[in-house]
1. Read through the list (1) at pLDDT 90 or above; (2) under 19 Å from the mean Cα position of the chain (by Cα); (3) among the charged types (D, E, K, R), then give the number of the only condition that Lys50 fails.
2. From (1) in a loop (DSSP other than H, G, I, E, B); (2) free of Cβ contacts under 8 Å to residues at least 12 places away in the same chain; (3) surrounded by 10 or more Cβ atoms within 10 Å (Cβ to Cβ), pick out the condition that doesn't hold for Leu22.
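The values are calculated or read from the model by the stated rules, or taken from the named source; none is laboratory data. Quick caveat: nothing in here was measured; it's all calculated off a predicted structure. Here the Cβ is made from the backbone with ideal geometry for all residues, glycine too, and neighbour counts use every protein chain on show.
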Amino acid sequence: MAVPKRRQSKARQAKRRANWKLELPTNMACPQCHQPKLPHRVCPECGYYKGKQVVGK
């Protein structure tokens, strides 16, 4: 099994982990009621998805 010959420095470790940040979920406006909602999900306010009502109020 391959084993590193030299220890990696803390700076190199920090550079590698610099892109491990979390991203906030994007919001979009519902085309029916214009309330913010997550993409590809049923609108929690009006119950519409892709122009059709799928959840009754």
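1. With (1) at pLDDT 90 or above; (2) under 19 Å from the mean Cα position of the chain (by Cα); (3) among the charged types (D, E, K, R) applied to Lys50, the lone miss is (2).
2. So the condition that Leu22 fails would be (3).
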